[in-house]
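Below: one structure in structure tokens.
The values are calculated or read from the model by the stated rules, or taken from the named source; none is laboratory data. Small disclaimer: the values here were computed from a predicted structure and weren't measured. Heads up, the Cβs are rebuilt from the backbone with ideal geometry, glycines too, and the neighbour counts pull from every protein chain shown. The protein model used for the area step is the full one, side chains on, heavy atoms only, and it has no ligands, DNA or RNA in it. Shrake-Rupley method; radii C 1.70, N 1.55, O 1.52, S 1.80 Å.
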Amino acid sequence: MSDVNEAVVSETVISDVGETVETEAGTARVTWHRAADARLVLAVSHGAGGGIDARDLRALAAVLPAHGVSVALVEQPWRVAGKKVAPAPKTLDAGWRGIWPVVAGPGLPVISGGRSAGARVACRTALELGAAAVLALSFPLHPPGRPEKSRAAELLGAGVPTLVVQGGNDPFGKPGEFPEGRYRLVEVPSGDHGFAVPKRAEITQEQAVGVITDAVVTWVGSLG
């Protein structure tokens, strides 16, 4: 598993103050972590219960610019407004559509990404927005304890190269519950929905985060 070389990252990343973007769903915010010589953009948003300070999003923003990928961390309008409950899926999709011209502004292929509810948004809108690929972190395959309420159709309908990174103990869908399909799935051993691992796990928390970043670095390298 890779360690982040802080010296390299500091030379290749330019972190901007978040810029606000007006959308049909309200004011969103985009915070860039730019690669000095970018070939791709990863636009990635948070879930329904957290923000862009999630451990996986922070780690990707720190690591990917050194690999030629600028990362745009997107805060949905409800989060910017300080609300505690996410709105309906159609409102989340409207917010995502609204930020797309900003993340596509550099003229590079854009990977549409998100964690949890944000992953669902990325899958639902990928073809419509012309995403080059989808990164689905902790895809909520079903509500906890309700496997019959499957959201697999959203994942399977993404229509572009897709990477799912899923915790081995995610109550919203363990890796073994996912259907066959044209996507790649990487398991974070013992990880829950936030990729936290218990102290008794076979890997440390740092190693768990390394599984995520290593998988994404390898995958974006295959996108050409």
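Rg to Rh ratio, region 117-224, alpha-carbon atoms and Kirkwood radius?
Here Rg/Rh amounts to 0.97.
On to the next question. Need one value: the accessible area of Leu223 in square angstrom, 1.4 angstrom probe, rounded to the nearest 10.
Result for Leu223: roughly 60 Å² accessible.
What part of the accessible area of the chain, given as a whole %, is carbon or sulfur when the probe is 1.4 angstrom?
Taking all protein chains in place, the chain shows 52 percent carbon and sulfur surface.
Could you name the lysines in cross-link range of Lys174, using Cα to Cα under 19 Å and dropping any fewer than eight places away on the same chain?
Partners found: Lys149.
Using each residue's phi in region 53-60, evaluate 6.51 cos²θ - 1.76 cosθ + 1.60 at θ = phi - 60° and report the 3J(HN,Hα) Karplus result to the nearest Hz, with x for Gly and Pro.
8, 4, 4, 6, 5, 4, 5, 5
Residue by residue, what Karplus-based ³J(HN,Hα) values in Hz, rounded to whole numbers, does region 110-119 have, using 6.51, -1.76 and 1.60 with θ = phi - 60° and x for Gly and Pro?
Result, rounded to whole Hz: 10, 8, 8, x, x, 10, 6, 4, x, 5.
Something else: Which percentage, to the nearest 5, of the DSSP beta bridges contained in the chain is antiparallel?
Within the chain, antiparallel bridges account for around 35 percent of the total.
Taking H placed 1.01 Å from N in the peptide plane, check which residues at least 5 places from Ser45 or on another chain put their amide H under 5 Å from its amide H.
Distant-sequence amide H within range of Ser45: Val74, Gly113, Gly114, Arg115.
Using 0.36 nm times the number of residues separating Val85 and Glu177, minus their current alpha carbon distance, what extension gain do you get?
Gain on stretching Val85 to Glu177: 30.4 nm.
Further question on the same structure: Which distance in Å, rounded to a whole number, links the C-alpha centroids of region 79-120 and region 188-209?
Computed from Cα coordinates, the inter-centre distance equals 27 Å.
Rank Gly130, Gly68, Gly95 by mean-square fluctuation in a GNM of the chain with C-alpha springs under 10 angstrom and give only the top-ranked residue.
It is Gly130.
Based on the alpha carbon coordinates of the chain, what radius of gyration and maximum Cα-Cα distance (Dmax) apply, in Å?
Spelled out, the Cα radius of gyration and Dmax of the chain are 16.2, 48 Å.
I need the calculated FRET efficiency for the pair Thr31 and Val186, taking r as the beta carbon distance and R₀ as 25 Å, to the nearest 0.05.
Step by step, r from the Cβ atoms, then E = 0.50.
What nm value, rounded to one decimal, do you get for the distance between Asp53 and Leu127 when each label is placed 7 Å out toward the C-beta?
3.9 nm
Taking springs between alpha-carbon atoms closer than 10 angstrom, which of Gly159, Gly181, Gly191 fluctuates most in the Gaussian network model of the chain?
Gly181
Need the full-extension length gain, Arg97 to Leu156, defined as separation in residues times 0.36 nm minus the C-alpha distance. One decimal, nm.
19.2 nm
Hey, in the GNM for the chain with a 10 angstrom Cα cutoff, which one of Ser150, Ser190, Ser112 fluctuates hardest?
Comparing Ser150, Ser190, Ser112 in a Gaussian network model of the chain, the most mobile one is Ser150.
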